[in-house]
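These notes are about the structure you will find just below.
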Amino acid sequence: MSAKKSIRILTADDHPVFRHRVASLIDAEPDMELVAQASTGREAIEQFQLHRPDVTLMDLQMPDMGGIEAMIAIRNEFPNARIIVLTTYNGDVQMMRALKAGARAYVLKGRVQKELLETIRAVHDPGALTASMSDTEYVLASASA
């Protein structure tokens, strides 16, 4: 019996406590593996190039280089990169810019505990969308598939 392939994940956020929270959620999942972390946009690009994750979780507000700029740089080199935006505010103008730049979905930081894992799975495999996802997540995840 062969084990199901893990979803390889990079998380990029400048807040170590938030990165730790995300890492704890991912570590508890048998089908997910956190392969790298970054605290700036430039580090996110470097870690993406090094690890080539299946899914990247990208904060929009980071020092050095913001998430949108990092996402654009990653997608210029890797057009099929699957990136989920992490944001604090629903309807945020920057979040909308990120979606236009190619983010596959977004998760509000306040809803990470409830929505992050399903969103990662849906972005990794759009055919695996479940009824538990909100309409917004479904539209965002499937529109970029």
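On the stretch given as segment 77-107, residues that are more than 11 Å from the chain's Cα centre (by Cα) and of a type outside the set (D, E, K, R) total 15. Looking across segment 40-74 at every residue that is modelled with pLDDT under 95 and not in a helix (DSSP H, G or I), the one that is surrounded by the fewest Cβ atoms within 10 Å (Cβ to Cβ) is identified as P63.
The residue pairs whose first member lies in segment 104-120 and is small (G, A, S), whose second member is surrounded by fewer than 19 Cβ atoms within 10 Å (Cβ to Cβ) and modelled with pLDDT under 90, and whose beta carbons are closer than 8 Å, counting only pairs six or more residues apart or on different chains, are A105/S144; G110/T88. Test A81 against the stated conditions and say whether it is modelled with pLDDT of 95 or more, aliphatic (A, V, I, L, M) and crowded, with 19+ Cβ neighbours inside 10 Å. Criteria met by A81.
Return yes when L117 is of a type outside the set (S, T, N, Q) and modelled with pLDDT of 90 or more and no when it is not. In short, yes. With respect to A98, determine if the residue is touching a Leu at 6+ places or on another chain (Cβ under 8 Å), in a helix (DSSP H, G or I) and surrounded by 17 or more Cβ atoms within 10 Å (Cβ to Cβ). Against the criterion (touching a Leu at 6+ places or on another chain (Cβ under 8 Å), in a helix (DSSP H, G or I) and surrounded by 17 or more Cβ atoms within 10 Å (Cβ to Cβ)), A98 qualifies.
The values are calculated or read from the model by the stated rules, or taken from the named source; none is laboratory data. Everything numeric in this text was worked out from a predicted model, so none of it was measured. Backbone-built Cβ (ideal geometry, glycine too); neighbour counts: all protein chains shown.
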